[in-house]
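Novice: The following block contains the structure, expressed as structure tokens.
The values are calculated or read from the model by the stated rules, or taken from the named source; none is laboratory data. Since this is a predicted model, take the numbers as computed values, not measurements. As a convention, Cβ positions derive from the backbone with ideal geometry for all residues, glycine included, and neighbour counts pool all protein chains shown. Note: accessible area is taken over every heavy atom of the protein model, side chains too, but ligands, DNA and RNA are not part of it. Shrake-Rupley method; radii C 1.70, N 1.55, O 1.52, S 1.80 Å.
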Amino acid sequence: MIIEKKIYRLRDNQRVKSLEIKKDKQMVYYSYNYQILNGSEWKTSVRWDNYQSQPHVDSFDDNGNLLDTSSTRDKSLKEVLELIDIFGKNILNMDIKKL
Amino acid sequence: MIQIQIKLRKKYNKNEKETLKNQILDEFESVDRLRQKVSRAGCTEPELVDKLQIIEYLQKGADYKEETISHSEKSLSVMTHKRVYLMEYIAKNEVKSIQDLANKLDRDYKNVYDDVKVLFDNGLIDLEKVGKRRIPILTADNIIIEF
């Protein structure tokens with residue numbers, strides 16, 4: 001079993017923080033958090049995770065309050081990084097669950 | 001255009017994993033208490049969900065690795081010779097504070113403080129708060145520069 005925490009600093013004020021837990025090379029848990037630096041604190045804007053084996057995506061406001069949660073298909077870290085690369089902060093204006 | 005990536009990698013040893021477990025337990029008293037909080041908070045506090053997963057799998061004996069990947073060329077530009085030496089020094093020696101580090105490097109406190117702050121701002125080192133002191137620590141076993 002292995003727990004892997006990764007932080008991708010994309011720009012000075014944007015990053016993706018991921019947590020992946022694998023058992024026998026199979027992913028048992030993941031969370032991918034797109035975060036924006038707010039003052040000296042990183043705030044999650046969009047988060048994909050599969051807690052309790054239910055893949056979903058959550059979006060949050062600038063203060064970290066949950067705005068929306070929707071079921072979605074499983075995402076990989078590569079997909080999330082590609083989405084953030086394409087949309088950047090505009091991802092908040094998209095229909096995230098369909099991406 | 002050349003794409004530069006700086007990777008900081010760290011694999012926790014047994015003692016470091018114990019410390020991580022204890023930090024989470026100190027914060028929530030017990031795994032059950034954390035589980036209850038997660039159950040109540042659900043998606044509103046995602047950090048708690050991650051902490052619960054981490055401690056549950058650490059208790060099952062999982063390994064723990066951390067990696068920070070920076071695509072910013074700025075991170076590379078801040079790595080002057082003196083700052084790289086500073087990072088090498090804190091990786092290999094015990095340092096009790098920024099003042100202690102300045103003394104051991106035989107450098108001016110203000111200059112060392114500024115270097116520590118720049119490295120911290122770029123995610124290249126961490127500052128551990130112990131009482132009123134801030135102890136500079138390296139967050140990686142390996143620093144890799146990839147093109």
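Novice: With every protein chain present, what is the per residue accessible area of the range B:72-146 (1.4 Å probe, Å²)? Write down the numbers at each step before the final one.
Specialist: On the way: 4570 Å² over 75 residues.
For the range B:72-146, the solvent-accessible area averages 61 Å² per residue.
Novice: Report, to the nearest whole %, how much of the accessible area of the range B:72-146 belongs to carbon and sulfur atoms, 1.4 Å probe, protein only.
Specialist: After summing per-atom areas, the C and S share lands at 49 percent.
Novice: Please find the FRET efficiency linking B:Ile24 to B:Asp141, where r is the Cβ-Cβ separation and R0 is fixed at 25 Å, and quote it to the nearest 0.05.
Specialist: Working: r = 22 Å, r/R0 = 0.88.
FRET efficiency, B:Ile24 to B:Asp141: 0.70.
Novice: Using a probe radius of 1.4 Å on heavy atoms only, what accessible surface per residue do you get for the range B:10-67? Whole Å² is fine.
Specialist: 58
Novice: Do you know the Lys pair count in the range B:10-67 for C-alpha distances under 22 Å, with sequence separation 8 or more or different chains?
Specialist: For the range B:10-67, the number of qualifying lysine pairs is 22.
Novice: Compute accessible area for the range A:1-20 by itself and then with all protein chains, 1.4 Å probe, and report residues whose area falls by 40 Å² or more.
Specialist: A:Met1, A:Ile2, A:Ile3, A:Lys5, A:Ile7, A:Tyr8, A:Arg9, A:Asp12, A:Leu19
Novice: What number do you get for chain B when its Cα radius of gyration is normalised by 2.2 N^0.38 Å, N = residues?
Specialist: 1.23
Novice: Something else now. Taking amide H positions as placed 1.01 Å from N in the peptide plane, with prolines and chain starts having none, which residues 5 or more places from B:Ile125, or on another chain, fall under 5 Å of its amide H?
Specialist: B:Phe120
Novice: As a test of the definition: with a 1.4 Å probe, what buried accessible area, both sides summed, do you compute for B against A, in Å² to the nearest 100?
Specialist: By this definition, chains B and A bury close to 2400 Å².
Novice: Tell me the mean residue ellipticity at 222 nm calculated for chain A from its helices only (DSSP H runs of n ≥ 4, each -39500 (n - 2.57), averaged over every residue, nearest 500).
Specialist: Value at 222 nm, helices only, nearest 500: -3500 deg cm²/dmol.
Novice: On to the next question. Against the 2.2 N^0.38 Å scaling, with N counting residues, where does the range A:2-94 land? I'd like the Cα-based Rg ratio to two decimal places.
Specialist: Rounded to two decimals, the normalised Rg is 1.05.
Novice: Okay, next question. In degrees, nearest 10, range 0 to 90: what is the angle between the Cα axis of helix A:77-87 and the longest Cα principal axis of chain A?
Specialist: It is inclined by approximately 20 degrees.
Novice: Shifting gears a bit: Would you mind computing Rg(Cα) / (2.2 N^0.38 Å) for the protein assembly as shown, counting N as its residues?
Specialist: For the protein assembly as shown, the normalised Cα radius of gyration comes out at 1.07.
Novice: Per residue, how large is the accessible surface of chain A? Use a 1.4 angstrom probe and give square angstrom.
Specialist: Spelled out: the 1.4 Å probe surface of chain A, per residue, equals 52 Å².
Novice: From the backbone phi of the range B:100-115, what are the Karplus-calculated ³J(HN,Hα) couplings (6.51 cos²θ - 1.76 cosθ + 1.60, θ = phi - 60°) in whole Hz, Gly and Pro given as x?
Specialist: Each residue of the range B:100-115 in turn: 4, 5, 4, 4, 5, 8, 6, 10, 5, 4, 4, 5, 5, 4, 4, 5 Hz.
Novice: Hey, another quick one. So what's the net charge close to A:Tyr29: Lys and Arg +1, Asp and Glu -1, counting the other residues with Cβ under 10 Å from its Cβ?
Specialist: Working: positive: A:Lys22, A:Lys23; negative: A:Glu20, A:Asp49, B:Asp50, B:Glu56.
In short, -2.
Novice: Cross-link candidates for B:Lys82: which lysines have Cα within less than 21 Å, leaving aside residues fewer than 8 places away along the same chain?
Specialist: Of all the lysines, those that pass the test against B:Lys82 - Cα under 21 Å, at least 8 places apart if same chain - are B:Lys7, B:Lys74, B:Lys92, B:Lys96, B:Lys104, B:Lys110, B:Lys117.
Novice: Would you mind giving the mean number of other chain beta-carbons within 10 Å of the Cβ of each residue in B:42-50, as a whole number?
Specialist: Across the residues of B:42-50, the mean count of other-chain Cβ atoms within 10 Å is 6.
Novice: Starting from the Cα of B:Asn13, move 7 Å in the Cα-to-Cβ direction to define the label point; list residues of the range B:124-143 whose amide nitrogen is under 18 Å from there.
Specialist: The answer is B:137-143, whose backbone nitrogens lie closer than 18 Å to the label point.
Novice: To continue, here is another question. Write down the Å³ per residue value for the convex hull defined by the alpha carbon atoms of the range B:10-67.
Specialist: In the range B:10-67, the Cα convex hull volume per residue is 77 Å³.
Novice: Using Cα pairs closer than 8 Å and at least 6 residues apart in sequence, work out the relative contact order for chain A, in percent. Before the final figure, lay out each step's value.
Specialist: Working: 180 pairs, mean separation 16.2, N = 99.
Once divided by the residue count of chain A, the mean separation gives 16 percent.
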